[in-house]
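The values are calculated or read from the model by the stated rules, or taken from the named source; none is laboratory data. None of these values were measured; they are calculated from a predicted model. As a convention, Cβ positions derive from the backbone with ideal geometry for all residues, glycine included, and neighbour counts pool all protein chains shown. The area values use the complete protein model at the heavy-atom level, side chains included, leaving out ligands, DNA and RNA. Shrake-Rupley method; radii C 1.70, N 1.55, O 1.52, S 1.80 Å.
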Amino acid sequence: MKKRRVHPGTVQETLLIPLYGRAVENRKAEAALRDPRAEEIVAALDHDFSRFEGLASLTGSVMRTRLFDHWTSRFLREHPAGTVVEVGAGLNSRFERVDNGAVHWLDLDLPDVVELRRAFFPDTARRTTVAASVTEHSWMDAVTERSQEGGVLFCAEAVLPFLDESEVRGVIDGLADRFPGSLLALDLAGHAMVDTQDEHDALSKVEARMRWTCDGPEHLTAWHPGIEVLACHTLSDPPPALYAELPPSYQRMITDLATRRLPQVEEYRLALLRLSRTGPGRS
């Protein structure tokens with residue numbers, strides 16, 4: 001079978017890192033997550049993944065994805081017929097990993113990524129792909145059209161740090177105003193992460209650079225005081241329920257990271273927020 005060429009834009013190229021991380025993880029005897037689709041896609045792409053081989057941050061990307069999966073599964077237990085929006089879907093196969101048979105799903109990404117994605121993930125009655133930039137609020141109309149009464153979860157994994165702060169603020173304001181009560185899962189890169197990204201083992205191998213620096217979710221609540229922080233973790237401090245599900249090798253790694261308290265680890269946070277409309281104290 002002829003392999004598909006990859007021609008992503010600068011930022012879109014970053015989707016290849018977590019894709020390869022999940023493919024490598026799936027080959028392990030004891031894995032933090034299983035993703036056979038990732039292995040299939042890597043094998044079907046005409047791309048040299050060797051530059052990512054053996055990188056420590058592949059494990060970090062897997063742990064981040066595992067936490068987002070954990071939050072998504074918990075959301076679906078509470079809202080079985082809810083709507084999940086994968087913001088910057090890339091070639092993520094979260095739907096395949098957490099589908100409960102009732103969720104309504106929307107995958108959002110830029111047109112060039114969507115063109116590639118559709119070769120592997122066709123739309124279905126419950127799953128729709130939308131080609132648009134996250135900063136173009138017109139895509140939110142598609143969420144309104146497809147969302148049910150069961151609540152909405154927006155997953156923005158490894159997306160918002162690559163935008164300017166004004167763009168991030170516009171996205172969060174738009175979601176909060178259009179979908180009050182919805183949940184937003186996102187990652188926050190602090191100064192220790194952003195300022196050293198040129199030396200990062202994976203990011204140094206791609207052209208894209210993180211532009212938004214955020215040292216914690218309290219900065220988001222300052223933008224929008226009605227926002228409620230439901231959870232905030234680092235890769236060295238996952239939720240206890242998730243930690244208990246991980247293989248022993250991962251538990252040992254997390255314990256070691258917690259002891260070492262590396263700035264690049266401690267200042268990279270994964271947060272789950274409940275959004276609300278504009279509050280009286282919003283700046």
Quiz item: Just to be sure, is Thr128 modelled with pLDDT of 95 or more and in a loop (DSSP other than H, G, I, E, B)?
Solution: no
Quiz item: If you go through segment 62-77 one residue at a time, do you hit one that is surrounded by 15 or more Cβ atoms within 10 Å (Cβ to Cβ) and assigned to a loop (DSSP other than H, G, I, E, B)?
Solution: no
Quiz item: How many of the residues in segment 216-235 are aliphatic (A, V, I, L, M), open to solvent by 50 Å² or more (accessible area, probe 1.4 Å) and closer than 15 Å to Ile172 by Cα?
Solution: 2
Quiz prompt | Residues of segment 151-188 satisfying the condition of being closer than 28 Å to Pro263 by Cα, at pLDDT 95 or above and small (Gly, Ala, Ser) | solution = Ala156, Ser166, Ala185
Quiz prompt | Positions within segment 34-49 being open to solvent by less than 60 Å² (accessible area, probe 1.4 Å), part of a loop (DSSP other than H, G, I, E, B) and within 21 Å of Leu203 (Cα to Cα), in sequence order | solution = His47
Self-check item: Single unsatisfied condition, Thr124 versus (1) open to solvent by 20 Å² or more (accessible area, probe 1.4 Å); (2) β-branched (Val, Ile, Thr); (3) touching a residue at least 40 places away in the same chain (Cβ under 8 Å)
Solution: (3)
Quiz item: Ser147 passes all but one of (1) open to solvent by less than 50 Å² (accessible area, probe 1.4 Å); (2) within 30 Å of Lys3 (Cα to Cα); (3) hydroxyl-bearing (Ser, Thr, Tyr); which number fails?
Solution: (2)
